[in-house]
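Inspection log for the structure reproduced underneath, given as structure tokens.
Only the coordinates and a few stated rules stand behind these numbers; no lab work does. Everything numeric here is computed off the predicted structure, so don't read it as measured data. Note: ideal-geometry Cβ built from the backbone for every residue, glycine included; neighbour counts use all protein chains shown.
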């Protein structure tokens, strides 16, 4: 086992060239210095210093060792400085798994301020479906996920971030045709658009409809929420969207909220992280700032 103190003593003595000066720097006695040097020489089976009345100088073996010991302690000092910066949140990296929709409407609005507060914390965002994101989380490929809260979790912790509400909307084309309220069983009277099958929003809405005994036919599958909103706006059909993410369109009248009865229940967006992988200071800082923004 390496005794770091022996090598630290060796390094200081070599730099000072004098045992008395080295003792003053290390705040230990001269006999203790001499004992440490003798012990290191015994362990290495090499004479490391030439002793003279004027002080000590390195032997050829000592010079060889000195180069490595000096570099080793320089690396240790650099490591300690980096750890200090990590602790002080001056540097770091965070990998976040999130869907494209939640990234656009939840994460991006937050990152603008976060990047100002912590300019040297590097953020990596990985866009995947909720199922793929959880799989990556379990493999340790990301620090945490921002997803619609799953019903079951294994070896994970979920901390609620915000409530979201799925609603049905239409464009101006159907404004006069759709009664208010609209019984859920009447959805089949209108062309229905949805996100693709692996999308968590679609899975949630379809599950709700099935629980109410409604079997629907999807006429158009759209790849992302922005396109779905545009298709609804121009009258291609009606569509389930997340109310919190279409406030501008609703306020301007580009979209009309359909008063569905019964209404689709709210669901929660959560931050999910693994219990078996400790969170870095940077990751926890990012998580806490997200919670501070959205759970006030």
Report task. Taking every pair of alpha-carbon atoms in segment 144-196, give the share separated by more than 14 Å as a whole percent. Result -> 68
Query - segment 1-80 and segment 172-210: distance between their alpha carbon centers, rounded to Å - result: 78
Query raised in the report: Which value in Å does the Kirkwood hydrodynamic radius of segment 166-265 take, with 1/r averaged over all unlike C-alpha pairs and then inverted?
Result: 13.3
**Report entry** Cβ-derived FRET efficiency at R0 22 Å, residue 27 paired with residue 63, nearest 0.05
**Finding:** 0.25
Report summary line: Relative to the compact-globule estimate 2.2 N^0.38 Å (N residues), the Cα gyration radius of segment 34-150 stands at a ratio of 1.92
Query raised in the report: If you project the alpha carbons of the chain onto their three principal axes, what span does each projection cover, largest first, in Å?
Result: 106, 34, 30
**Report entry** Relative pair counts by distance (%), Cα atoms of segment 115-223, 10 Å bins
**Finding:** 10, 33, 29, 18, 9, 1
Requested in this report: Please list 167-176, 68-77, 117-126, 97-106 highest first by mean number of surrounding beta-carbon atoms within 10 Å per residue.
Outcome: 97-106, 167-176, 117-126, 68-77
Requested in this report: State, in angstrom, two size descriptors of segment 4-87 derived from its alpha carbons: Rg to one decimal place and Dmax to the nearest whole number.
Outcome: 13.8, 47
**Report entry** residue 76-residue 266 pseudo-label distance in nm [points 7 Å out on the Cα-to-Cβ vector]
**Finding:** 5.6
Query raised in the report: With r defined as the distance between the Cβ atoms of residue 54 and residue 4 and R0 fixed at 41 Å, what FRET efficiency is calculated, to the nearest 0.05?
Result: 0.90
Report summary line: Only helices counted: for the chain, with every DSSP H run of 4 or more residues adding -39500 (n - 2.57) and the sum spread over all residues, [θ] at 222 nm is -13000 deg cm²/dmol
Query raised in the report: Going highest first, how would you order 240-250, 274-284 by mean Cβ packing within 10 Å?
Result: 240-250, 274-284
Requested in this report: Mind pulling the angle between the C-alpha long axis of helix 30-44 and the longest principal axis of the chain? Nearest 10 degrees, somewhere in 0 to 90.
Outcome: 70
Query raised in the report: Which percent of Cα pairs goes in each bin when the distances of segment 206-272 are cut into 10 angstrom slices starting at zero?
Result: 16, 46, 34, 4
